[in-house]
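Undergrad: Mind having a look at this structure? Questions to follow.
Just so you know, all these numbers are worked out from the coordinates, no wet-lab data involved. On a predicted model such as this, the values are computed, not experimentally measured, just so you know.
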Amino acid sequence: MNKQEIIDFLALHKQELSEKYGVIRIGLFGSYARGDIREDSDIDIAVEIESKNKFRSFFGLKKYLEDNLKNKVDLGIESTLKPIAKKQILKEMIYV
């Protein structure tokens, strides 16, 4: 999958992700967002999830994304990112 295919998938399934996993906001960052993908690159995605059942939703969402994107997904909750990392991540984030 390439950057545009991932963005298109997330956009197409955004409503489902909201209903099923409580996703409020989702974005792509990292090597796929920058366009410098290597063979061993994972897909970096940041989300904000409604507070109810956050733990269960997080792991269900991670599995759903990996199954559908056919790649390892590094999923992070945006509000819990460390400030130094968050600054760089937000610079390259592509929200869907």
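Undergrad: Quick check on the chain: helices-only [θ] at 222 nm, where DSSP H runs of length 4 and up contribute -39,500 (n - 2.57) each and the sum goes over total residues. Nearest 500, please.
TA: Result for the chain: -14500 deg cm²/dmol, rounded to the nearest 500.
Undergrad: If a helix is a whole DSSP H run, which ones in the chain reach 20 Å or further along their own axis (Cα) and hold a mean Kyte-Doolittle hydropathy of at least -1.0?
TA: Sorted by number, the helices that extend far enough and score high enough are 54-69.
Undergrad: Between the range 28-87 and the range 2-25, how far is it from one alpha carbon centroid to the other, in angstrom?
TA: 12
Undergrad: Something else about it: Restricting things to alpha carbons, tell me how big the range 49-96 is in terms of Rg and Dmax, in Å.
TA: Cα only, the range 49-96: 12.2, 31 Å (Rg, Dmax).
Undergrad: Follow-up. Just the number, please: percent antiparallel of the DSSP beta bridges in the chain, rounded to the nearest 5.
TA: Around 60 percent antiparallel, to the nearest 5.
Undergrad: Still on this structure, please answer the following. Using just the alpha carbons, could you tell me how many Å³ per residue the convex hull of the range 3-95 encloses?
TA: Residue-normalised Cα hull volume stands at 90 Å³.
Undergrad: Could I ask something else about it? Considering only Cα-Cα distances, which of the following residue pairs are longer than 23 Å: Lys54/Lys82; Lys63/Lys91; Lys52/Lys72; Lys14/Lys54?
TA: Those over the limit are Lys63/Lys91; Lys52/Lys72.
Undergrad: May I pose another question? Normalised by the number of residues in the chain, what is the relative contact order in percent for Cα pairs under 8 Å and 6+ residues apart?
TA: 35
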